[in-house]
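Since the structure comes first, as structure tokens, the remarks are kept for the end.
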Amino acid sequence: MITFYNHLHAQHQGKVEMFRGALVPCYEVPARADHVLAELQRRKLGTVQHPNAFDDAVLERIHSRRYLQFLATAWDQWVALDPANAGTDILPSVWPTRTFRTDIEPDNFSAKMGLYSFDAGTPFTAGTWVAARAGAHCALSAAQAMLAGDRAAFALSRPPGHHAGADFFGGYCFLNNAALAAQYLRDAGMERVAVLDIDYHHGNGTQACFYDRPDVFFASIHGDPRTEYPFFLGHADETGVGAGKGFNLNLPLPRGTGYPAWAAALDTALARIQQFGAQALVVSMGMDTFVGDPISGFTLHSDDYLRVGARLRACGLPTVLVFEGGYAVQEVGVNAVNVLQAFADV
Ligand code: Q9C
Ligand code: ZN
């Protein structure tokens, strides 16, 4: 299986995130991707390539122009406020909830940060835009490889993407890599594409991108939003709207869920994807379902990921796998490559 990787991911290196009123060290660190890369190379699992180049217009297929323009210039705006800011990451602190207006982009920089975000856990750093763009290019390149005939391709993208919406960042995500890959497949002529999100956290951004559309089916298995991040989306009664009604499937599971119940949900999701008649599958491959994950609550073990990879392969679809969460840094390489190896082996 081919992997697309770009060393520029390491330029997104947040220092701290807000948690319970304190700034704590970031969980989403460059070493995560480095461990996956090292394990891929150790097992000699296919080739690792740099992503291809893409016009920025391809990002506008999912994200709004004003959001992309903000991301591209945010760091310069921040440093322009005060040259001393160059040593500090940016975190938002004010948001336009409910009755506030979001149609007017404020001039004030802090207000813009709030307009385009939904949490204070996602620092924007000097290298965030460069890294996020290269990560999106990895996902798009994987989609291209799949279109060219590869049974599967892996995007080792960082920062992750599935919490990012058309015009907001949060949950460590800025550009929605999986949504961009799915849309790329649609634009290349595939009529029905499925996105399967197996990250511990609900893929609120991806769901929102496709919620009113019948051409991209979204299925997600995740911690119940009543207790788990991102809290405000991911319930079972969210089935789509308008023409998209019936093309969204959420399978929330309680904290503490282990492999047997999780795998039953996976079978449910895959059966619905087959029923939909998907021509291709994009997997948001979060590895934070692992028992040792420091911020999550499922209890999958490393060898379970071999079974996950085999099940994904068994559905028989050309597949783009996109790296999402997974914060047990020492184990994330073995766990992710277990999925990939089982997919590639069978
Ligand atoms: N103290 C992804 O897995 N909140 N994002 C964590 C920890 C944010 C996870 C709080 C979790 C975001 C891509
Ligand atoms: Zn996650």
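The values are calculated or read from the model by the stated rules, or taken from the named source; none is laboratory data. Please read these numbers as outputs of a predicted model, since none were measured by experiment. So basically every Cβ, Gly included, is an ideal-geometry build from the backbone, and we count neighbours across all protein chains shown. Side chains included, ligands, DNA and RNA excluded: accessible areas come from the protein's heavy atoms. Shrake-Rupley method; radii C 1.70, N 1.55, O 1.52, S 1.80 Å.
Annotations
- Qualifying position, being acidic (Asp, Glu) and under 20 Å from MET285 (Cα atoms), among ASP237, ASP224: ASP224
- Residue in the stretch 190-199 that is more than 30 Å from TRP78 (Cα to Cα), crowded, with 24+ Cβ neighbours inside 10 Å and among the acidic types (Asp, Glu) present: yes
- Residue within the stretch 281-291 that is away from ligand 2 (no atom under 15 Å from the Cβ) and either modelled with pLDDT of 95 or more or in a strand (DSSP E or B) (or both) present: yes
- For the condition surrounded by 21 or more Cβ atoms within 10 Å (Cβ to Cβ) and closer than 20 Å to ALA261 by Cα, VAL322 does not qualify.
- Residues of the stretch 174-203 classified as part of a strand (DSSP E or B) and under 24 Å from THR299 (Cα atoms), total: 3
- Given (1) surrounded by 24 or more Cβ atoms within 10 Å (Cβ to Cβ); (2) touching a helix residue (DSSP H, G or I) at 6+ places or on another chain (Cβ under 8 Å), number of the condition TYR172 does not satisfy: (2)
- Just so you know, in the stretch 53-79 the residues that are surrounded by 13 or more Cβ atoms within 10 Å (Cβ to Cβ) and part of a loop (DSSP other than H, G, I, E, B) include one that is farthest from the chain's Cα centre (by Cα), and it is PHE54.
- Lone qualifier among ARG226, ARG272, ARG307 - being of a type in the set (Lys, Arg), open to solvent by 20 Å² or more (accessible area, probe 1.4 Å) and closer than 20 Å to ALA178 by Cβ: ARG272
- Checking each residue in the stretch 130-164 for being touching a residue at least 12 places away in the same chain (Cβ under 8 Å), open to solvent by 10 Å² or more (accessible area, probe 1.4 Å) and over 23 Å from GLN41 (Cβ atoms) picks out VAL130, ARG133, LEU147.
- Check on TYR184, out of contact with any Cys (no Cβ under 6 Å at 6 or more places or on another chain) and within 14 Å of GLY325 (Cα to Cα): no
- The residues on offer are GLY246, GLY292, GLY333, and the sole one that is out of contact with any Phe, Trp or Tyr (no Cβ under 7 Å at 6 or more places or on another chain), on the phi > 0 side of the Ramachandran plot and of a type in the set (Gly, Ala, Ser) is GLY246.
- Residue in the stretch 279-288 that is within 16 Å of ligand 1 (Cβ to nearest atom), crowded, with 20+ Cβ neighbours inside 10 Å and of a type in the set (D, E, K, R) present: yes
- For the stretch 224-238, the set of residues classified as on the phi < 0 side of the Ramachandran plot and either of a type outside the set (Ser, Thr, Tyr) or under 17 Å from the mean Cα position of the chain (by Cα) (or both) consists of ASP224, PRO225, ARG226, GLU228, TYR229, PRO230, PHE232, LEU233, HIS235, ALA236, ASP237, GLU238, listed by residue number.
- Look at (1) over 23 Å from ASP150 (Cα atoms); (2) touching a Lys or Arg at 6+ places or on another chain (Cβ under 8 Å); (3) hydrophobic (A, V, I, L, M, F, W, C) and you find that ALA22 fails only one, number (2).
- Residues that are within 16 Å of ligand 1 (Cβ to nearest atom), part of a helix (DSSP H, G or I) and among the small types (Gly, Ala, Ser) occur in the stretch 318-341; there is at least one.
- Residue among PHE217, PHE169, PHE154 that alone is within 13 Å of ligand 1 (Cβ to nearest atom), out of contact with any Gly (no Cβ under 7 Å at 6 or more places or on another chain) and not in a helix (DSSP H, G or I): PHE169
- One residue alone among ASP82, ASP89 is charged (D, E, K, R) and open to solvent by less than 50 Å² (accessible area, probe 1.4 Å), and that residue is ASP89.
- Screening LEU317 against (1) touching a residue at least 60 places away in the same chain (Cβ under 8 Å); (2) surrounded by 24 or more Cβ atoms within 10 Å (Cβ to Cβ) leaves a single unmet condition, (2).
- The set of residues from the stretch 1-51 being within 16 Å of ligand 2 (Cβ to nearest atom) and of a type in the set (Val, Ile, Thr) comprises VAL29, VAL36.
- Residues in the stretch 195-206 that are away from ligand 1 (no atom under 14 Å from the Cβ) and either closer than 18 Å to VAL241 by Cβ or free of Cβ contacts under 8 Å to residues at least 12 places away in the same chain (or both): VAL195 alone.
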